[in-house]
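Everything below concerns the one structure shown next.
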Amino acid sequence: MARNYRQSGHKRAGHCVKVGLFCRSTRAFSRIAALETKARRAKNVRMTKYVLLDRDGVINRKVENGYVASWPEFVFLPGALEALRLLAENGYVSLVISNQAGVGKGVLTAAALRQITQRFMAKAKAHGGRIFQVYYCTHRKEERCQCRKPKPGLLLRAQQDHGFQFAKTYLIGDSESDLLAARTVGCPAILINRNPARVRGKWASCLPTVVPDLRSAVSLVLEEGDHRA
């Protein structure tokens with residue numbers, strides 16, 4: 001707001017506004033207003049709780065060796081809609097962070113991905129949940145972009161948009177790339193895997209809590225949130 005004010009052309013520092021017994025310049029009040037706005041935003045950030053969610057394998061079923069290319073192929077996993085509702089009811093802002101290279105490979109168009117996204121967000125809302133925003137990387141692995149997980153680009157963009165603290169924000173995913181991205185930025189991670197015994201070896205260095213589904217992961221997030229409160 002301070003920048004907008006400076007560009008508005010109000011340069012008459014001598015013009016005064018009288019409030020009670022105090023007389024301040026318009027410019028001084030502008031600075032005070034800017035500081036108050038900044039403080040309100042900081043308060044909102046402190047009060048708002050966030051959770052970062054991968055999509056395929058967390059919210060919906062993965063297509064084996066392929067991509068969800070149409071709405072009929074998007075199938076919510078058991079308990080996922082309930083989990084999204086619980087997050088919303090407990091004041092969490094849910095952000096989806098997902099690689100969708102099918103667009104880059106020509107398996108589906110950006111328009112088709114957008115339609116799928118709009119429909120699953122609407123479905124979640126109809127069941128009491130809310131996906132606040134979705135961040136996709138549509139590049140192929142060979143393009144070596146900075147947004148495809150395990151690179152942290154999408155997480156950094158989400159953090160810039162919303163101002164949450166990584167150390168206090170869980171990332172829930174189902175793959176090694178999710179874990180590595182979380183570790184890079186300092187997010188605590190929860191891994192969804194129906195066979196926890198298989199999670200070993202090269203994953204050991206970034207091994208998170210392992211649960212069978214999103215409903216179980218959300219229970220842990222809410223329990224941790226209660227302890228922090």
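No lab work stands behind these numbers, since they all come straight from the coordinates. Since the structure is predicted, the reported quantities are computational estimates derived from the model, not experimental observations. Neighbour counts run over all protein chains shown; Cβ positions are idealised from the backbone, glycine included.
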> Which pairs break 22 Å Cα to Cα here: Lys125/Lys168; Lys105/Lys151; Lys141/Lys168?
Replying inline: Lys125/Lys168; Lys141/Lys168
> Where a Cα-Cα gap under 20 Å defines reach, which aspartates and glutamates qualify for Lys123, not counting those fewer than 8 residues away within the same chain?
Replying inline: Asp54, Asp56, Glu73, Glu82, Glu89, Asp213
> In which sequence would Leu191, Leu86 go, from the one with the fewest C-beta neighbours within 10 Å to the one with the most?
Replying inline: Leu86, Leu191
> Can you list the residues, at least 5 places off or on another chain, whose amide H is less than 5 Å from the amide H of Tyr170, using H built in the peptide plane?
Replying inline: Leu52
> By count of other Cβ within 10 Å, fewest leading, how are Asp54, Asp161 ordered?
Replying inline: Asp161, Asp54
> In nanometres, what is the gap between the two model label sites at Arg119 and Glu89, each 7 Å from Cα along Cα-to-Cβ?
Replying inline: 2.8
> In nm, what is the difference between 0.36 nm times the number of residues separating Ala110 and Ser219 and their Cα-Cα distance?
Replying inline: 35.9 nm
>> Using amide H atoms built in the peptide plane, which far-off residues or other-chain residues are under 5 Å from Gln133 H to H?
In response: Val96
